[in-house]
Amino acid sequence: MTDDHKRLMSRTEVADVYGIGRRFLETAALRGDGPSFVRIGRLVRYRAKDVEAWIDANCVSTEVQ
């Protein structure tokens, strides 16, 4: 595991790196269906590995059956 996977990112950083809207992350956290996050006091932080796992879990196949 690289250090990048251990680094904690703010919602703004996640939005910039992964192209996910900051407001979407806030709403998803309230609904409980967004990527896992760490709460440190009032701060919310995301681990890259958790965001990437959430993206992978929400991948939709476009294959025709």
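The numbers here are math on the coordinates, done by the rules we state, and not lab data. Just so we're clear, the structure is a prediction, and the values are computed from it rather than from any experiment. Note that each Cβ is placed from the backbone with ideal geometry, even for glycine, and that neighbours are counted across all protein chains shown.
Here are the numbers for this structure:
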{"item": "Ranked Val17, Val64, Val44, criterion: other C-beta atoms within 10 Å, fewest first", "result": "Val64, Val17, Val44"}
{"item": "Dipole magnitude of the chain, debye to nearest 20 (Cβ charges: Lys/Arg +1, Asp/Glu -1, about Cα centre)", "result": "460"}
{"item": "Of (i) 11.6; (ii) 13.2; (iii) 12.6, the label for Kirkwood radius over Cα pairs in Å derived from the coordinates", "result": "(iii)"}
{"item": "Length released on extending from Asp16 to Arg42, taking residue separation times 0.36 nm less the Cα-Cα span", "result": "7.2 nm"}
{"item": "Helix-only CD estimate at 222 nm, as mean residue ellipticity for the chain, using -39500 (n - 2.57) per DSSP H run (n ≥ 4)", "result": "-13000 deg cm²/dmol"}
{"item": "Sorted by Cβ density within 10 Å, fewest first, the residues Ile55, Ile20, Ile40", "result": "Ile40, Ile55, Ile20"}
{"item": "The stretch 13-48: trypsin sites (Lys or Arg not before Pro) in DSSP loop, at most 15 other beta carbons within 10 Å", "result": "Arg42"}
